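Beneath this line is the structure, given in structure tokens, with notes to follow.
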Amino acid sequence: MDLLTPELNHYLRSTQRPTLWLVDENIQLDTAANPQVHVIGNRLDVIERLQAQHWQAQFSDFDLSAYAEGHFAQVLYRVSKEKPVVHYLISEAKRLLATGGSLILLGDKGEGIRTYARKAEACLGGVRQERKLGGDSWCAEITAAYAPGTCPEHQDYTALRQVCSDQHHQYVSKPGLFGWNKVDRGSALLIEHLPAMLEAPLPFRGSVLDLGCGFGYLAINAAGPESRLVCTDNNAAALQACRYNLNQAGLNGAEVIATNAGDRLQPDFELILCNPPFHSGFSVDGDLTDRFLHSAQRLLAVNGTACFVVNQHIPLERKAAGLFADIVTYMDSGQFKLVRLRQPINRQTRGPS
Ligand SMILES: C[S@@+](CC[C@H](N)C(=O)[O-])C[C@H]1O[C@@H](n2cnc3c(N)ncnc32)[C@H](O)[C@@H]1O
């Protein structure tokens, strides 16, 4: 276990005052629920696991508007990967903490924890105390004072903004999404070769699933108003951006659904598009690719096609063996591979979990 988790668990177990715990994907879970703690998180899988352990946990893109100023005595936060998210949550902590309350920040030096702690001190106006937990890991406690502070710039975190465009579409997105401000090169490659992979022109007319949709790039470029389209992701911000971009592209009939790797979706889809994640927060998570492959196998129509794009080093074909009878590495660009999967093997149809 890392050095941050026991420290976080200590705070979660011991607090007897109203506490807000902000979580994203960078947490390990092994503490019994504490009724004093409200949890807000932007990853559906993390929040569902906490709810199953009876935490008061809500899934949203860190929408804290329901809480009044000064509502909490403590805010706990293991810092996120993206700076604007951390800056936004430090500013929100200032609003939500009662005077004399404290913000507890946890993270590694390489993740900027010490800079964040100094920024939080300037924002909250109180006293900062830091402890090295060992290795690279730090815990900082910053108290909230009456004094007006200068909070760090979060680039209007809550707003969607136009980030990029191509020949046909403009896309909105926001910090906190995977590669939030550009079209992913792997995804662009998949769209370029998709008609040839499918031996059919786009837009695809049958049912389409964008598994791990991000801001919706694959769906928007592959489906048309006549397709039955479902887009899914576990990230609350991604779902917001995707819904907006679909509407802008005239795909208002599409469904945008929060799931953990497609777990609560029903088969069958004639086309599944996927650029699977392989990072979970700060770490690489090889199991994620397997989970996405298993979902694709479960959700694909017997005569359907799943098209994946992955980094070249991911052994997708080996992982897919046993799940699909027809596996073709359609192209290898030296950086990305396009893999076409057909004929799902021994498909067991499961209902929503
Ligand atoms: C590599 S990105 C691809 C995004 C988008 N399809 C594109 O092509 O630009 C992978 C996406 O998977 C999502 N994701 C990660 N873990 C997930 C999970 N457990 N369930 C659903 N989606 C997940 C991420 O939020 C991210 O949007």
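Where a number appears in this text, it was derived from the coordinates with a stated rule and is not lab data. In this text the structure is predicted, and so the values were computed from the model without any measurement. Cβ placement follows ideal geometry from the backbone for every residue including glycine, while neighbour counts extend to all protein chains displayed.
For the reader, a short list of remarks on this structure follows.
- Counting Cα-Cα pairs of region 1-114 in 10 Å increments starting at 0 gives whole-percent bin shares of 14, 51, 34, 2.
- Electrostatic bookkeeping for Asn42 treats Lys and Arg as +1 and Asp and Glu as -1; over the other residues with beta carbon under 10 Å from its beta carbon, the sum is -3.
- The overall shape of region 161-344 is rounded: from the C-alpha gyration tensor, with semi-axes ordered a ≥ b ≥ c, the ratio a/c is less than 1.5.
- Amide hydrogen neighbours beyond the local backbone of Leu133, cut-off 5 Å, H modeled: Trp138, Cys139
- In order through region 13-27: 3J(HN,Hα) via Karplus (6.51 cos²θ - 1.76 cosθ + 1.60), integer Hz, x for Gly, Pro: 6, 8, 5, 10, 10, x, 10, 10, 10, 9, 10, 10, 8, 8, 9
- The local environment of Asn181, defined by Cβ-Cβ distances under 13 Å, has a net charge of +2 under the rule Lys, Arg +1 and Asp, Glu -1.
- Considering only beta bridges that DSSP places wholly inside region 161-344, some 50 percent are antiparallel.
- Positive-end residue of Ala93, Leu190, His10, charge dipole of the chain with Cβ unit charges: His10
- Estimated from helices alone, the mean residue ellipticity of the chain at 222 nm is -8500 deg cm²/dmol (sum of -39500 (n - 2.57) over DSSP H runs with n ≥ 4, per residue).
- Taking the DSSP beta bridges with both ends in region 4-144, the antiparallel portion is around 40 percent.
- Rounded to the nearest 20 debye, dipole of the chain from Cβ charges on Lys, Arg, Asp, Glu: 340
- Rounded if a/c under 1.5, otherwise prolate or oblate - the chain, Cα gyration tensor axes: prolate
- Taking the chain as the region of interest, the number of lysine pairs whose Cα atoms are within less than 13 Å, with members eight or more places apart or on different chains, is 6.
- Cysteines without a disulfide-compatible partner [the chain; Cβ-Cβ under 4.7 Å]: Cys139, Cys164, Cys242, Cys274, Cys307
- FRET efficiency for Arg347 and Arg318, using Cβ-Cβ distance with R0 set to 22 Å, rounded to 0.05: 0.65
- Acute angle (nearest 10 degrees) that the helix 113-124 long axis makes with the longest principal axis of the chain, alpha-carbon atoms: 60
- Cα gyration tensor, region 99-181 - rounded (a/c under 1.5), prolate or oblate: oblate
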